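Asker: Below is the structure I would like to discuss, written out as C-alpha cells.
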C-alpha cells in the first residue's frame, strides 16, 4: 500500500527551468553589484567633486530604477510560474538585460546632463572673457 503522505512532490519542476531561475538570480545580482553600484558611486563622486554644480536628474533615475525593479520582479514571477524551459530561459535573459539597461541608465542620463551644462557654460565663459577684454 502506498504511503499516504510523501516527502517528494508528485511533479517536480523541470531542471532547465530551475537552472534558468538560478542563472537569472545570479545574473541580476552580478549586474547590480558589478555595474549599478560602481555607476552610482561614480555619479555620486562626480557630484561631490563638483560641489553640487552638476545637476544630476535624481528623479528620473529613481523612476527608471523603480520601473525596472517592477519589470524584473514581474519577470521573476513569470519564472516561478512557468514549467516551460524555453520560456524560462527567455524570461531569465530578459530579466538580466533589463537589469543591465536600468543599471546603465543613470550613467547615460548624468553624462547627458553634464554635457548640456557644459554647452551652457562655454558661451558664459566666452562672454565673460569678452567683457573683461573690453
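Asker: Regarding segment 35-57, can at least one residue be identified that is under 30 Å from residue 17 (Cα atoms) and not in a helix (DSSP H, G or I)?
Answerer: Within segment 35-57, none of the residues are under 30 Å from residue 17 (Cα atoms) and not in a helix (DSSP H, G or I).
Yes/no matrix, rows are residues, columns are (1) out of contact with any helix residue (DSSP H, G or I) (no Cβ under 8 Å at 6 or more places or on another chain); (2) more than 25 Å from residue 66 (Cα to Cα):
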{"residue": "92", "(1), (2)": "no, no"}
{"residue": "97", "(1), (2)": "yes, no"}
{"residue": "104", "(1), (2)": "no, no"}
{"residue": "108", "(1), (2)": "yes, no"}
{"residue": "129", "(1), (2)": "yes, yes"}
{"residue": "133", "(1), (2)": "yes, yes"}
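Asker: Just one of 110, 92, 24 is surrounded by 17 or more Cβ atoms within 10 Å (Cβ to Cβ), assigned to a helix (DSSP H, G or I), at negative phi and modelled with pLDDT under 95; which is it?
Answerer: Just a single option satisfies the conditions, and that option is 110.
Asker: Let me ask something else about it. If the requirement is being buried (at least 18 other Cβ atoms within 10 Å of the Cβ) and modelled with pLDDT under 95, which of these qualifies: 56, 102?
Answerer: On inspection, the qualifying residue turns out to be 56.
Asker: Got a number for residues in segment 1-21 being over 16 Å from residue 76 (Cα atoms) and either at pLDDT below 90 or outside any helix (DSSP H, G or I) (or both)?
Answerer: Residues flagged as over 16 Å from residue 76 (Cα atoms) and either at pLDDT below 90 or outside any helix (DSSP H, G or I) (or both) within segment 1-21 amount to 13.
Asker: Mind checking which pairs have a first residue in segment 111-127 that is in contact (Cβ under 8 Å) with a residue 60 or more places away in the chain and a second that is assigned to a helix (DSSP H, G or I), Cβ under 6 Å, 6 or more apart or different chains?
Answerer: none
Asker: So, of the residues in segment 71-85 that are in contact (Cβ under 8 Å) with a residue 40 or more places away in the chain and part of a helix (DSSP H, G or I), which turns out to be surrounded by the most Cβ atoms within 10 Å (Cβ to Cβ)?
Answerer: Filtering segment 71-85 for residues that are in contact (Cβ under 8 Å) with a residue 40 or more places away in the chain and part of a helix (DSSP H, G or I), the one surrounded by the most Cβ atoms within 10 Å (Cβ to Cβ) comes out as 79.
Asker: Next question. Among the residues of segment 27-45, count how many are more than 11 Å from the chain's Cα centre (by Cα), touching a residue at least 12 places away in the same chain (Cβ under 8 Å) and surrounded by fewer than 17 Cβ atoms within 10 Å (Cβ to Cβ).
Answerer: Residues that pass the stated criteria total 1.
The values are calculated or read from the model by the stated rules, or taken from the named source; none is laboratory data. The model shown is predicted, which means the values in this text are computed figures rather than measured ones. Note that each Cβ is placed from the backbone with ideal geometry, even for glycine, and that neighbours are counted across all protein chains shown.
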